[in-house]
Amino acid sequence: MRCELGQKDINLKNTEWWAKKAKDAGAELVCFPEMSISGFYAAGVDSKLSGDQIYLEVHKIAEPVPDGPSAKSIGDLAKELGIYISAGIFEFENHIVYNSYFMFGPQGFVGKYRKTHMPACEYPYCKSGSEFPVFNVSGCTVGIATCFDNTMPEAARILALKGAEIILMPHAWSNEDVFGPPTSGKSEDRRKEVLTFIPSRAYDNKAYVVFVDQVGRVSDQYSYPGFSVLLDPKGQILAESGAKEEMIVADFTKELLEVERGRPDSGLRSRRPEIYSELVRSAYPI
């Protein structure tokens, strides 16, 4: 979905339109990109805005979750449609802003996740979260890891160890590429980048993965090539999008999950955490 910078009313209207379209297609869980409501403000997002101006804009548009007006709007929509809806927003709590992704269902608020790993472009504006919650969604367990979190294999593994059967991976991964040098801006090249590492998160953790990203130009500095993909617990593609606003739908079945996680040599079963102490070193020596 195209997510306009700071234009929450427009983004909410588009969210409603796509959610209804998803409902008509039989979807039970509808996932929107990172910062789908707020738009993704980060360092360098617009040449006309200084760092201080971006900071002020972020604080101006941030809202409480679940009691802010945008979250309540999503809650009302989820109740009306009888489905689960997840969306991203700048969350405001105790004078602190978080990059948050939240979910409502037919019965009300399900929960929220605060992005735990901040790339350099977000450090000045958002505080990192410190928890990896999982949620019961219509009988299955769902976890969330936002954008840069997914470059850390530990995030998806923790969610899987906590029982996550589906991992939502909302992104605002621009062509300008906060992870490294600028990319070509072509959807097919972003597809290659995503499929280099995201399928391993599904395969290693025997979990379904929902990778969803923004699309389109949102400022003179930031644009998104548009690529989203749904993966099964074997890391295989169930559905993928192109370089436009588009909805993709797939069925996630319990049977495949049980087969993959039930294998005697499954990676989740064969772990040896007693020898993994190096994984909790405070920092990598550079």
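The values are calculated or read from the model by the stated rules, or taken from the named source; none is laboratory data. Worth saying up front: this structure is predicted, and the values here are computed from it rather than measured. As a convention, Cβ positions derive from the backbone with ideal geometry for all residues, glycine included, and neighbour counts pool all protein chains shown. Quick note on the areas: whole protein, heavy atoms, side chains included, nothing else; ligands and nucleic acids left out. Shrake-Rupley method; radii C 1.70, N 1.55, O 1.52, S 1.80 Å.
List of remarks:
- Share of carbon and sulfur in the accessible area of the stretch 1-153 stands at 50%, probe radius 1.4 Å.
- Here the label points at Asp204 and Asp265, each 7 Å from Cα along the C-beta direction, are separated by 1.9 nm in the simple model.
- Kirkwood-based Rg to Rh ratio, the stretch 1-106, C-alpha trace: 1.00
- For the residue pairs Lys23/Lys72; Lys20/Lys254; Lys115/Lys254; Lys112/Lys162; Lys162/Lys234, alpha carbon separations beyond 21 Å are given by Lys20/Lys254; Lys115/Lys254.
- For the chain, share of DSSP beta bridges that run antiparallel, in % to the nearest 5: 70
- Cβ-Cβ distance of Ile248 and Arg281, R₀ of 35 Å, FRET efficiency by 1/(1 + (r/R0)^6): the value works out to about 0.35.
- Annotation: extensible slack from Asp189 through His59 equals 43.4 nm (criterion: 0.36 nm per residue apart, minus Cα-Cα distance).
- Dipole magnitude (debye, nearest 20) for the stretch 143-259, charges at Cβ of Lys, Arg, Asp, Glu: 140
- Taking all protein chains into account, the per residue accessible area for the chain stands at 47 Å² (1.4 Å probe).
- Taking the helices alone, the chain has a mean residue ellipticity at 222 nm of -8500 deg cm²/dmol, built from -39,500 (n - 2.57) per DSSP H run of at least 4 residues and averaged over all its residues.
- Sparse packing (at most 15 other Cβ atoms within 10 Å of the Cβ) combined with a DSSP loop state is found for the following GluC sites (Glu not before Pro) in the stretch 190-260: Glu245, Glu246.
- Whole-angstrom Cα spans of the stretch 23-178 along principal axes, big to small: 45, 34, 32
- Trypsin sites (Lys or Arg not before Pro) restricted to DSSP loop in the stretch 248-286 with at most 14 other C-beta within 10 Å: Arg269, Arg271, Arg281
- Heavy atoms of Lys8: accessible area, 1.4 Å probe, square angstrom to 10: 40
- Probe 1.4 Å, all protein chains present, accessible-area order of Ile83, Ile275, largest first: Ile275, Ile83
- Kirkwood Rh in Å, taken over the chain so that all alpha-carbon pairs contribute: 19.2
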